[in-house]
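For reference, the structure is listed below as structure tokens.
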Amino acid sequence: MKSFNDNIPFDRFTVEQLAGDLLPASTDDQKLATGFHRQAMQAKGNNPRKEEFRIKGIVDRINTTGRTWLGLTLECAECHDHKYDPISQKEYYKIFAIFNNIPHLGSGYNTHGPRMKYLSADDKTRAKELQNKIKNLSTKNSALNFPVHSKHLLAEWKRPKRLKDPKLFSLTSDLTIVSKIKTTSSVADIVSKYDWKAGQRSFVFGIGGYTAGLLGTQAGLTDAMLLLFVSFLFTGLVGLIIAPLLARYRDIFFAMLSLAFSMVLYGILIKIDAIGGSDGFVLPESTYFGIKPSSEYADYVLYVVAIIMTGFISILLRYYYDSTPGLIALAVRENELRVEYLGSSAFNVAVLNFTIAAGLGGMGGALNGIALGHIDPEFTYWTTSGEFVFISILAGYLSVPAVFLAALLLELVRSFSGRYFPDTWQLILGLFLILSIIFIPSGIGSFFKQFFDRLKKSK
């Protein structure tokens with residue numbers, strides 16, 4: 001309406017409507033003009049398929065542009081030619097190519113679709129005032145306090161029985177007023193650190209993540225080291241309980257039973273609203289021996305902790321596999337029947353190894369949950385267990401550094417194939433795994449072993 005009142009020429013009006021946010025030094029009004037193009041289907045939820053939603057957004061923009069500026073419905077041309085339609089399928093995808101080259105994600109994109117920085121003049125003034133107020137109160141180490149039902153809030157979340165805590169209001173970097181509101185339906189906090197790249201989850205992985213999350217939110221434990229240790233113990237205990245059942249099976253039967261446990265747990269977690277249901281919940285920020293690092297360095301501190309823990313656990317496992325029980329475990333892998341003839345129990349070895357693996361997997365889940373700041377049932381979904389299998393096959397069992405290299409290769413292959421072959425990335429990943437099995441049957445670790453063996457011989 002403002003454009004018509006200002007008598008803006010139609011060619012300029014069209015440009016601003018279709019691409020106002022892409023104009024050099026665009027004004028707020030020009031950015032706002034493109035808002036209707038940003039009202040496509042958005043990727044709400046904890047694990048959206050970003051490429052799918054991006055394509056859906058492009059299709060929506062094509063159809064909207066066709067109806068508004070061409071006076072034509074273009075939907076049919078997406079799939080086929082119509083004999084008497086003026087737009088062919090080829091021409092449709094020429095238009096598609098234009099929108100396909102536009103930055104879709106926008107500013108501040110997380111998992112909720114294209115988002116754009118925009119505040120009205122009044123909101124900008126209010127935001128500046130709040131920024132100054134936050135700065136002043138921060139110096140006094142005091143909590144920010146302003147009305148919950150402020151008219152200046154850009155959005156109000158309609159949930160029954162809200163816990164009105166003024167401390168949960170904050171100002172983001174793009175000057176958008178946001179609020180974290182706990183609700184009786186136990187949905188995740190509105191502001192979430194959840195990252196779609198989470199990946200690498202499994203049955204015990206999820207148990208460890210939820211253990212750390214519940215201890216943090218329900219018991220108030222925020223020390224990362226304590227959370228990791230407790231997650232290790234609890235998940236190891238769970239592993240010890242179910243190990244006698246799993247240890248009776250081998251090969252594909254063992255794998256399928258493990259996946260069955262994963263799906264049972266997943267089905268339970270999505271139904272329990274008290275712990276977030278399908279949305280999960282947000283973890284409190286972690287401390288380290290009572291010290292809380294600044295948000296700027298928190299990720300670096302956690303990274304260092306993860307590296308140190310991994311190194312320490314690797315050393316312990318090395319001592320374990322050099323001991324008598326560890327050597328028996330390796331022998332079971334080579335010839336289970338012979339171990340039984342020698343008087344050792346392959347069953348007991350399997351139980352022990354599964355318990356250790358469960359504890360370590362739970363610790364990994366807790367570490368991942370702390371890093372993301374969010375826990376949800378996807379941590380236990382069975383398809384993600386395949387990533388562990390992929391890494392295990394690619395790395396082998398002969399070297400700890402090989403595991404890191406295998407995980408890196410998995411992420412590289414998946415990222416590049418997803419980028420350049422979005423429709424066939426699973427095929428690329430599968431071919432990579434098949435070639436790895438054919439040409440490196442003992443895994444990447446065999447190269448490390450050969451290198452160190454030659455190094456020992458040279459000495």
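The values are calculated or read from the model by the stated rules, or taken from the named source; none is laboratory data. Remember, predicted model here, so these are calculated numbers, not experimental data. Ideal geometry is used to build each Cβ from the backbone, glycine not excepted, and the neighbour counts take in all protein chains shown.
Is there any pair with a first residue in segment 359-380 that is closer than 11 Å to Ala212 by Cβ and a second that is at pLDDT 90 or above and among the aromatic types (Phe, Trp, Tyr) whose Cβ atoms are under 7 Å apart and which are 6 or more apart or on different chains, and what are they?
Gly362/Phe232; Gly362/Phe234; Met363/Phe232; Ile375/Tyr210
Those residues that are under 22 Å from Met309 (Cβ atoms) and surrounded by fewer than 17 Cβ atoms within 10 Å (Cβ to Cβ), I need them from segment 389-411; list them, please.
Ser392, Tyr397, Leu398, Pro401, Phe404, Leu408, Glu411
May I ask you to verify whether Gly66 is within 20 Å of Thr14 (Cβ to Cβ), at pLDDT 85 or above, of a type in the set (Gly, Ala, Ser) and in contact with a Leu (Cβ under 8 Å, 6 or more places away or on another chain)?
Values: within 20 Å of Thr14 (Cβ to Cβ): yes; at pLDDT 85 or above: yes; of a type in the set (Gly, Ala, Ser): yes; in contact with a Leu (Cβ under 8 Å, 6 or more places away or on another chain): yes.
When the stated conditions are applied, Gly66 passes them.
Going through Phe432, Phe451 one at a time, which residue ends up being surrounded by 12 or more Cβ atoms within 10 Å (Cβ to Cβ), part of a helix (DSSP H, G or I) and of a type in the set (Phe, Trp, Tyr)? Spell out the reasoning first.
Details: Phe451 fails: surrounded by 12 or more Cβ atoms within 10 Å (Cβ to Cβ).
None of the other options fit; the residue is Phe432.
If you check Pro422, Pro441, which single one turns out to be within 24 Å of Glu51 (Cα to Cα), part of a loop (DSSP other than H, G, I, E, B) and in the same structural domain as Ser314 (by TED's automatic domain parsing)?
Details: Pro441 fails: within 24 Å of Glu51 (Cα to Cα).
After ruling out the rest, the residue left standing is Pro422.
Using beta carbons and a limit of 7 Å, which pairs, at least six apart or on different chains, have the first residue in segment 205-224 and assigned by TED's automatic domain parsing to the domain that holds Glu387 and the second one in a loop (DSSP other than H, G, I, E, B) and among the hydroxyl-bearing types (Ser, Thr, Tyr)?
Hits for this filter: Gly216/Thr222; Thr222/Ser286; Ala224/Ser286.
Kindly indicate whether Ile370 is under 29 Å from the mean Cα position of the chain (by Cα), in the same structural domain as Leu330 (by TED's automatic domain parsing) and surrounded by 16 or more Cβ atoms within 10 Å (Cβ to Cβ).
On the way: under 29 Å from the mean Cα position of the chain (by Cα): yes; in the same structural domain as Leu330 (by TED's automatic domain parsing): yes; surrounded by 16 or more Cβ atoms within 10 Å (Cβ to Cβ): yes.
Taking the combined requirement at face value, the residue satisfies it.
Scan segment 85-99 and report the pairs whose first residue is touching a residue at least 40 places away in the same chain (Cβ under 8 Å) and under 11 Å from Thr65 (Cβ atoms) and whose second residue is charged (D, E, K, R) and assigned to a helix (DSSP H, G or I), with Cβ atoms within less than 6 Å and a gap of 6+ or a chain change.
Phe99/Arg61
Just checking, which of Ile275, Ile307 is without any contact (Cβ under 8 Å) to a residue 12 or more places away in the chain, closer than 23 Å to Gly359 by Cβ, assigned by TED's automatic domain parsing to the domain that holds Ala358 and of a type outside the set (Asp, Glu)? Explain how you work it out, then say what you get.
On the way: Ile275 fails: without any contact (Cβ under 8 Å) to a residue 12 or more places away in the chain.
Every option except Ile307 fails the conditions.
Residue check, Glu378 against (1) under 26 Å from the mean Cα position of the chain (by Cα); (2) assigned to a loop (DSSP other than H, G, I, E, B), all met but one. Which one?
(2)
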